[in-house]
Amino acid sequence: MFLDPDEDPRSEGGFVGERATILGYLRDQRLTFEMKCAGLDAEGMARRSVEPSNLSLLGLVRHLAGVEQVWFRRVMAGEDITRHYRTPEDPNGDFNGAVPDPKVVAQAWDTWRTEVAFAERFVEQAPDLGVTGTDDGEPIELREVLVHMIEEYARHNGHADFLRERIDGRVGQ
């Protein structure tokens, strides 16, 4: 176990209302992801799963920063963005560039935290979850984006479980 249950920052449910429920579960998924990466050095963060995969915890941090950026800045806020790690020449740059360098790890976490903070501010300022953005020319409601984000983190937290177990045997949380 990573944390004593009394120190676990995640909620135990009991949310009231749609907004609180969705935001509570998304917050918990984000916290779970951070917990799965806690205490690792750059080598551990960049360790690949198994050949030929380039999947790593650091790659997931970079990928999730990009997911947050696209859904909240581009789709919901309508910003014209340049992707953090992906380029037309390297569409898997978030994973390919996940190298065991402490500066790369720190930069990835800073980028992820910046994008999460933007998303949280955007949602906080939204009058309701029916606010719409545009995804590939089609309207999409904020509530659908938030539910998608829960799904995205839940899927990648499953990957993070296996990656962390491979790195140091830790499982759970």
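The values are calculated or read from the model by the stated rules, or taken from the named source; none is laboratory data. Everything quoted here is computed from the prediction, not taken from an experiment. As a convention, Cβ positions derive from the backbone with ideal geometry for all residues, glycine included, and neighbour counts pool all protein chains shown. Just so you know, the surface numbers come from the protein's heavy atoms only, side chains and all, with ligands and any DNA or RNA stripped out. Shrake-Rupley method; radii C 1.70, N 1.55, O 1.52, S 1.80 Å.
Our summary gives the stretch 34-173 a relative contact order of 30 percent, counting only alpha carbon pairs under 8 angstrom and 6 or more residues apart. Global size of the stretch 1-157: 16.3, 47 Å for Rg and Dmax (C-alpha atoms, Rg to one decimal, Dmax whole).
Computed with every protein chain present, the accessible area of T21 is close to 50 Å² [probe 1.4 Å]. Averaged over its residues, the chain has an accessible area of 53 Å² per residue, based on protein heavy atoms and a 1.4 Å probe. Residues of the chain were split at every exposed loop site, defined as chymotrypsin sites (Phe, Trp or Tyr not before Pro) in a DSSP loop with at most 16 other C-beta atoms within 10 angstrom, and the longest piece left, sites excluded, is 16-173.
Accessible area ranking (1.4 Å probe, heavy atoms, ligands and nucleic acids excluded), largest first, for R166, R62: R166, R62. Here the 3J(HN,Hα) profile of the stretch 122-139, calculated from phi with Karplus coefficients 6.51, -1.76 and 1.60 at θ = phi - 60°, is 4, 5, 4, 7, 5, x, 7, 7, x, 4, 10, x, 10, 10, 6, x, 10, x Hz, Gly and Pro shown as x. Over the chain, DSSP H runs of length four or greater, each weighted -39,500 (n - 2.57), average out per residue to a 222 nm ellipticity of -17500 deg cm²/dmol. Within the chain, what whole-number % of the accessible surface is contributed by carbon and sulfur, with the 1.4 Å probe and all protein chains included in the calculation? Carbon and sulfur atoms account for 51 percent of the accessible area of the chain.
Within the chain, the longest segment free of exposed loop sites, counting GluC sites (Glu not before Pro) that fall outside DSSP classes H, G, I, E and B and have at most 14 other Cβ atoms within 10 Å, spans 90-173.
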